[in-house]
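Take a look at the structure set out below.
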Amino acid sequence: MNPPDEDGRRSLAVALKYAGGETAPMVVAKGRGLIADEIIARAREHGVYVHESPALVALLAQVDLDHYIPPQLYVAVAELLAWLYKVERGEPPVFSGLAEKNNPS
């Protein structure tokens with residue numbers, strides 16, 4: 001078990017890869033604590049967007065490495081990717097939170 005971070009939470013990170021034509025996004029890295037910190041640092045070093053959503057990360061962390069995300073997560077991840085695509089094109093960043101509205105906790 002990893003000790004809690006300074007703010008009392010355990011850090012967790014999941015990296016996804018998606019290329020057009022693939023079945024779905026794939027989990028290519030995941031980890032807690034120092035590994036999570038390294039995943040986030042490397043993403044930022046390479047200009048990869050880092051989205052912070054503890055609920056989504058917790059669900060994605062359950063997916064095995066080098067496996068596609070399950071269909072139950074398609075809407076949430078697709079919404080995030082669509083939002084990111086707009087941001088990268090210079091459009092105003094408006095995140096509707098549709099997935100959270102449709103899947104209340």
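The values are calculated or read from the model by the stated rules, or taken from the named source; none is laboratory data. Since the model is a prediction, treat every value here as computed from it, not as a measurement. Because the Cβ atoms are built from the backbone with ideal geometry, glycine has one as well, and the counts that use them run over all protein chains shown. Note: areas computed on protein heavy atoms with side chains; ligands, DNA, RNA excluded. Shrake-Rupley method; radii C 1.70, N 1.55, O 1.52, S 1.80 Å.
Observations
- Yes/no for Ala55 being touching an Asp or Glu at 6+ places or on another chain (Cβ under 9 Å), at pLDDT below 95 and open to solvent by less than 100 Å² (accessible area, probe 1.4 Å): yes
- Just one residue in the set Glu22, Glu38 is open to solvent by less than 70 Å² (accessible area, probe 1.4 Å), of a type in the set (D, E, K, R) and without any contact (Cβ under 8 Å) to a residue 60 or more places away in the chain; that residue is Glu22.
- You will find that of Val28, Val63, the residue that is in a strand (DSSP E or B) and modelled with pLDDT of 95 or more is Val28 and no other.
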